[in-house]
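What follows is calculated from the coordinates using simple rules that are stated; it is not laboratory data. Keep in mind the model is a prediction, meaning the values are calculated, not measured. All Cβ positions, even for glycine, are placed from backbone atoms using ideal geometry, and neighbour counts span all protein chains on display.
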Amino acid sequence: MTITSANEIADGQGREPALRDSAVGNDKRDLVLLVAGGLAAHALLALLGLWRDFAWPAIGLSFILLVLIGERAGRLVPVRGRGIYERTLAFGFPALVLLTWQLAGDYGLLNTTWFPQPSRIAAGLWDLTVRYDRFSGTSLLGRPWLIPEVYAADGMAGVWKLLSESHLLATVGRVLGGFILGAVPGVLLGVVMGMNQTVRLMLDTTLSAIYVLPKIAIFPIVMLMFADPFGEAPKIVVVALAVFILMAINTMAGVRGIDKVYLMAGRNYGARGWSMLRHVILPGAMPVIFAGLRIALGTAMIVIISVEFVRAKQGVGYITFYYWEVLNPEKMYAGLVVVMALGVLLTYGLQWLQRRLMPWQR
Amino acid sequence: MTSAMPAVAAPKIGARNVSKHYPTVDGVMVALEDFSLDVTEGEFVCIVGPSGCGKSTFLRMVAGLESISQGAISIRPGADAAKPLNSVVFQEYAIFPWKTLADNVAFGLQMRGIGRKERLDTARFWLDRVGLSRFADYYPHQISGGMKQRVSIVRALANDPEVLLMDEPLGALDAQTRVVIQEELLRIWEETRKTVLYITHSLDEAVLLGDRVILMSAQPGRHLATFKIDLPRPRSIATTNLPAFAEYRAAIWEKLSAEVTRAMEARP
Ligand SMILES: Nc1ncnc2c1ncn2[C@@H]1O[C@H](COP(=O)(O)OP(=O)(O)O)[C@@H](O)[C@H]1O
Ligand SMILES: [Mg+2]
């Protein structure tokens, strides 16, 4: 009975002692009852010929039932199996949602014109990946399978030309370019604002005001600042601006949150100026800076996708919007899938950087 | 100070009529008033006083980490100009969570531009002195409070300053750890004979460690009394069993208890 001692206590509250050590038995019984009951309810509906009419409430209730089943199953899992159990929940649930979506589409419970099944979205994604659009001279990835051929013919210039036709790389370039261009000065200004009260008082209100502006709304102004308003520069700069403001505000909070005693220790042991920044202020504010970078990455993605929606001839946001306009929802969804995958990948990259730069946090 | 004065007479730490005022919304708060103190070279001086009497404030002023409202404080430089004048052991440890223990201990040397190999050798030597060489590559969150304070102490010692300023370094530790580190401190001090200014709220600690004990009054902090402790060196925990130890302790306590009572009655 050692494994279940925690929930014995939880379950046993207000009950008689004699009932206490039957918790495992209870869980097993409940589990069987819940699974059988759920299946029986679906079968009954089907027998009465009502399943189709009540499909959505039935599916909804089944998911609630699933939570109850999962919870009981979780208590029965031995400590050694916890990892597998947790992964099953984390990946199994989204898989189940996709499967439900797929089946609901296949059986006509969904309007597949606007909500195409995952299989069709996957097919659309595949088509996007291998397709080269002759008219606009673009492709999703830049046809990497042609690289050896092109390299043999034209060398690096050819490879570069090939990759520059990629929607994905266009978006990645804008996001990363804007992110770095905004984050570095943003962190530096944040440090100055955190350390110097005068600068802080002068800038805090202004930054807070610009922070809440939707960056897409000031994009036209940013465009006007450049000789080529339709080129890459305004797109990168508007991302950089969003990241800059966020990182300045965030870093300022991080620097102000550093315990004063670390600043005193740094000074007393001879740190001044750059060495103070490098050895005390930056590492002290690092946890908050990374929390900010994570949010800034999301913001950068939102800004670049919306900019590409309205003002671009290339990019993942552009294809997403383009396929919506030409009423090809499969590929529009495929574009959204690429955006999500990109978000996950960039977040992983940031986490990797965080582990490298902050080894003291395990 | 003119060079005409004989060098022996000049104190290592000289504080002349020092006051500290904090401006607050309801007027000026006097944290320290007209406080003078001379510490000679190689002397271990303990300051005791009710909490809030301005001990930490005074120590930070000596360290140059806080401005002085009135008066003057000087630390006489030694023959070696490269040596730092002072190193502080802070009440809150203040070792950097983002550096390994070795890098923490080597920090002062690093800031003075000493090469990586040499400073890490020094750090390892000092970590070894307090039994922490095994943990050189650990981060502070992986070790206990007592170990952290040891690191904080050897960070100051590795920096080899002219004077060592310690602010209730053992205040947050449990009784056993405290005794162990007190013994370590005594052992190291007998060998190095550094000039030390040591703040504590423990009378036992003050009498055990100090050549002199300075008693301060409750807020605003003033000089109340000085006790010269003529217990034989080298000392150890066994020293606390001497009859003379108990006498010093009782004499200081008599003065201090009157002051604490006065301070508590004065409080609104
Ligand atoms: N920055 C500050 N502003 C206003 N008052 C302060 C400040 N720092 C310390 N004080 C006050 O000065 C007094 C002395 O503080 P401190 O030196 O920390 O005392 P101790 O170390 O003896 O306990 C306390 O009453 C404290 O409230
Ligand atoms: Mg204090």
Taking each residue of A:145-156 in turn, how many C-beta atoms of other protein chains fall within 10 Å of its C-beta, and what is the average?
0
Classified through the alpha carbon gyration tensor (a ≥ b ≥ c as square roots of its eigenvalues; rounded if a/c is under 1.5, else prolate when a/b is larger than b/c, else oblate), chain A comes out oblate
Given labels modelled 7 Å from the Cα in the Cβ direction, how far is it in nm from B:D34 to A:V326?
9.2 nm
Could you pull out every one of the lysines with an alpha carbon less than 23 Å from that of A:K313, ignoring same-chain neighbours closer than 8 positions?
A:K161, A:K215, A:K235, A:K331
Can you give the charge dipole size of region A:161-361 about its Cα centre, rounded to the nearest 20 debye, using +1 on the beta carbon of Lys and Arg and -1 on the beta carbon of Asp and Glu?
660 debye
Taking the C-alpha atoms of chain B, convex hull volume expressed per residue in Å³
149 Å³
Quick one: work out the % antiparallel among DSSP beta bridges in the protein assembly as shown, nearest 5.
55 percent
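Which value in deg cm²/dmol, rounded to the nearest 500, describes the helix-derived mean residue ellipticity at 222 nm for chain A, given -39,500 (n - 2.57) per DSSP H run of n ≥ 4 and division by the residue count? Kindly include the intermediate steps, with their values, before the conclusion.
Values: 16 runs with 270 residues, N = 362.
Roughly -25000 deg cm²/dmol at 222 nm, from the helical runs in chain A.
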Shape metrics for the protein assembly as shown, restricted to C-alpha atoms - Rg then Dmax, Å
35.0, 113
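Other chains near A:272-280: what is the mean number of their Cβ atoms within 10 Å of each residue's Cβ? Could the numbers behind the result be given before it?
On the way: counts 1, 0, 0, 3, 1, 0, 0, 7, 4.
Mean partner-chain Cβ count within 10 Å for A:272-280: 2.
Under the rule of -39500 (n - 2.57) per DSSP H run of 4 or more residues, summed and divided by the residues of chain B, what mean residue ellipticity at 222 nm is obtained, to the nearest 500 deg cm²/dmol? Don't skip to the answer; put the middle values down first.
Numbers: 8 runs with 96 residues, N = 268.
Dividing the helical sum by the residues of chain B leaves -11000 deg cm²/dmol.
Please give the charge dipole size of the protein assembly as shown, origin at the Cα centre, charges +1 on K and R Cβ atoms and -1 on D and E Cβ atoms. Round to the nearest 20 debye. Walk me through the intermediate numbers first.
Values: 62 positive and 53 negative charges, 159 e Å.
In total the dipole reaches around 760 debye.
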Taking only Cα atoms, what is the 0 to 90° angle, nearest 10, from helix B:243-266's long axis to the longest principal axis of chain B?
60 degrees
For region A:111-237, what is the charge dipole size about the Cα centre, in debye to the nearest 20, if Lys and Arg each add +1 at the Cβ and Asp and Glu each add -1 at the Cβ?
220 debye
What ranking, highest mean first, results for peptides B:76-87, A:323-334, A:203-214, A:165-176 when packing means the other Cβ atoms within 10 Å averaged over each residue?
A:165-176, A:323-334, B:76-87, A:203-214
Vicinal HN-Hα couplings computed from phi for region B:85-98 (Karplus, 6.51 cos²θ - 1.76 cosθ + 1.60; Hz; Gly/Pro x):
5, 8, 9, 9, 9, 7, 4, 9, 6, 6, 7, 6, x, 8
Given A:V339, A:Y323, A:L181, which one lies farthest toward the positive end of the charge dipole of region A:161-361, if we put +1 on the Cβ of every Lys and Arg and -1 on the Cβ of every Asp and Glu?
A:L181
Taking a ≥ b ≥ c as the square roots of the eigenvalues of the Cα gyration tensor, with a/c under 1.5 meaning rounded and otherwise prolate when a/b exceeds b/c and oblate if not, region B:54-147 is oblate
Can you bin region B:130-214 into rounded, prolate or oblate? Criterion: square roots of the alpha carbon gyration tensor eigenvalues sorted a ≥ b ≥ c, rounded for a/c under 1.5, prolate for a/b above b/c, oblate for the rest.
oblate
Taking every residue in B:87-96, how many Cβ atoms of other protein chains lie within 10 Å of its Cβ, on average?
5
Alpha-carbon centroid distance for the pair region A:181-260 / region B:77-111, whole angstrom
36 Å
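Would you order A:D30, B:D137 from fewest to most other beta-carbon atoms within 10 Å of each residue's own beta-carbon?
Numbers: A:D30 15, B:D137 10.
By the 10 Å Cβ count, ascending: B:D137, A:D30.
Could you list A:H279, B:H223, B:H141 so that the one with the fewest beta carbons within 10 Å of its beta carbon is first and the one with the most is last?
Lowest count first: B:H141, B:H223, A:H279.
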With N set to the number of residues, divide the alpha-carbon radius of gyration of region A:162-218 by 2.2 N^0.38 Å and report two decimals.
1.56
